[in-house]
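Notes follow once the structure below has been shown.
The values are calculated or read from the model by the stated rules, or taken from the named source; none is laboratory data. These figures come from a predicted structure and were not determined experimentally. As a convention, Cβ positions derive from the backbone with ideal geometry for all residues, glycine included, and neighbour counts pool all protein chains shown.
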Amino acid sequence: MQATEDFSSAHSTRSEGTAEVAEEPAPKPEAQNPALRLAGCVLILNALLVAAEKVIVPQAGGSGFLSGPTMLPSIVIDAALGISLLSGSTRYQTLAIVRCVLGLILFSALHLAEGEVLAMGFQFAFSCGLLMLMVGTPSLLRRGVALSGVGLCVLFEVAGLYALGTGGDLLGLQGLAISANTDDIADGTLQGQKFHFQMERPGESWRLRKDADARRDNPLADRWLIDTRSGAHIIIIGEKLPANAQVSMDRFADLVTGNLRKAVKNFHADSPTCSTFMNLPACDIQATGRVQGVEVDYQIRLLSAPDTIYQIIALGPSKSFSEGRPDVVAAIDSFRVW
């Protein structure tokens, strides 16, 4: 009898002889999903990365994992949703989930359409990791898996910002992304596809862009090399000439630099140095410009063969291109036609 009374008294209060069941305190929002605060931190971090990219590359549309073409709204929305979740509120949880699902579908499809398989993989991992934190009540294991995937993707994004800002390649992630969309160069000798030429590659880190990707960016490109270490490029363009056509190299140089001046911000070219190369008329041009907010150096050679004119355009971030310029010049000097 005493035990029964003790049990009853432990679970009730008495007021004027009437027992009232004590109400348990309402659970805090964070108890419903302890991972919401983590998801909020991720959204805020993504907004900060997109904002940092906008500062480093003012012309860029943003490559943050949840960023879209309209930069400022994306930053504001992600920051606002992140702050709300970080506070433990579930008021905008559904909106945050919808935002994440849209990022998963739209930007994964965009990366796939552009042939960027590695970037699509990172996008998929980031969005799925974020959803794992926001949907349901994740266990410690699920939170750990989600944070591991998100953390790797954030590291990839930071590496990209580092490369844009310094011309370097943090942890080799830029090289990994390039390698996923390029082919090796057999025996280190590049052969022309539509035109009769060959050229030695500048170094072991240089690879050949896939034809579809190269022609999407420049329909006239016959071959397009890219350096996995520095992100430098060498584009080889050939154009057939009418029979018995005469080429003015000065005019040719003016046309090439004029086209680049229209496409590249702050483009400046030194006066062409024209002479002969392999007993053929040739001009060498050094230039600078700004591409997607990054300072870029150019090393250009124009060559007139009997039935074809060639443009060999090498370019790369100024901070790293100067170091690799001797290898690039040596590769250009190895260019042969027949």
Enumeration of residues in segment 292-314 that are at negative phi, within 33 Å of the chain's Cα centre (by Cα) and surrounded by fewer than 17 Cβ atoms within 10 Å (Cβ to Cβ): E295
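Quick check on this structure: which one of A96, A159, A125 is in contact with a Leu (Cβ under 6 Å, 6 or more places away or on another chain), within 14 Å of V42 (Cα to Cα) and crowded, with 18+ Cβ neighbours inside 10 Å?
Numbers: A159 fails: within 14 Å of V42 (Cα to Cα); A125 fails: in contact with a Leu (Cβ under 6 Å, 6 or more places away or on another chain).
The match here is A96.
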Residues being in contact with a His (Cβ under 7 Å, 6 or more places away or on another chain) and either crowded, with 19+ Cβ neighbours inside 10 Å or not polar (S, T, N, Q) (or both) - total across segment 249-288: 1
Failed criterion for G168 (all others in (1) outside any helix (DSSP H, G or I); (2) at pLDDT below 85; (3) in contact with a strand residue (DSSP E or B) (Cβ under 7 Å, 6 or more places away or on another chain) hold): (3)
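Of the residues L280, L260, L302, L241, which single one is more than 25 Å from D327 (Cα to Cα) and either among the basic types (K, R) or in the same structural domain as I332 (by TED's automatic domain parsing) (or both)?
On the way: L280 fails: more than 25 Å from D327 (Cα to Cα); L260 fails: more than 25 Å from D327 (Cα to Cα); L302 fails: more than 25 Å from D327 (Cα to Cα).
From the options L280, L260, L302, L241, the qualifying one is L241.
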Residues satisfying the stated conditions in segment 113-122, i.e. surrounded by 15 or more Cβ atoms within 10 Å (Cβ to Cβ), free of Cβ contacts under 8 Å to residues at least 40 places away in the same chain and among the hydrophobic types (A, V, I, L, M, F, W, C): M120
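Which of the residues belonging to segment 309-338 are among the hydroxyl-bearing types (S, T, Y), more than 21 Å from T189 (Cα to Cα) and in contact with a strand residue (DSSP E or B) (Cβ under 6 Å, 6 or more places away or on another chain)?
Step one: of segment 309-338, the residues among the hydroxyl-bearing types (S, T, Y) are 310, 318, 320, 322, 334.
Remaining after also requiring more than 21 Å from T189 (Cα to Cα): 318, 320, 322.
Listed by number, the list holds a single entry, S318.
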Single unsatisfied condition, V247 versus (1) outside any helix (DSSP H, G or I); (2) within 18 Å of N181 (Cα to Cα): (2)
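I'd like to know if segment 111-130 contains one or more residues that are assigned to a loop (DSSP other than H, G, I, E, B) and of a type in the set (A, V, I, L, M, F, W, C).
Initially, segment 111-130 is screened for residues assigned to a loop (DSSP other than H, G, I, E, B), giving 114-116.
With the extra rule that they be of a type in the set (A, V, I, L, M, F, W, C), the set shrinks to none.
Within segment 111-130, none of the residues are assigned to a loop (DSSP other than H, G, I, E, B) and of a type in the set (A, V, I, L, M, F, W, C).
Could we say that T228 is modelled with pLDDT of 90 or more and of a type in the set (S, T, Y) here?
Details: modelled with pLDDT of 90 or more: no; of a type in the set (S, T, Y): yes.
For T228, the condition - modelled with pLDDT of 90 or more and of a type in the set (S, T, Y) - is not met.
Conditions tested, residue by residue: (1) modelled with pLDDT of 90 or more; (2) of a type in the set (A, V, I, L, M, F, W, C).
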{"position": "P281", "(1), (2)": "yes, no"}
{"position": "A287", "(1), (2)": "yes, yes"}
{"position": "V291", "(1), (2)": "no, yes"}
{"position": "Y298", "(1), (2)": "yes, no"}
{"position": "I313", "(1), (2)": "yes, yes"}
{"position": "R325", "(1), (2)": "yes, no"}
{"position": "V328", "(1), (2)": "yes, yes"}
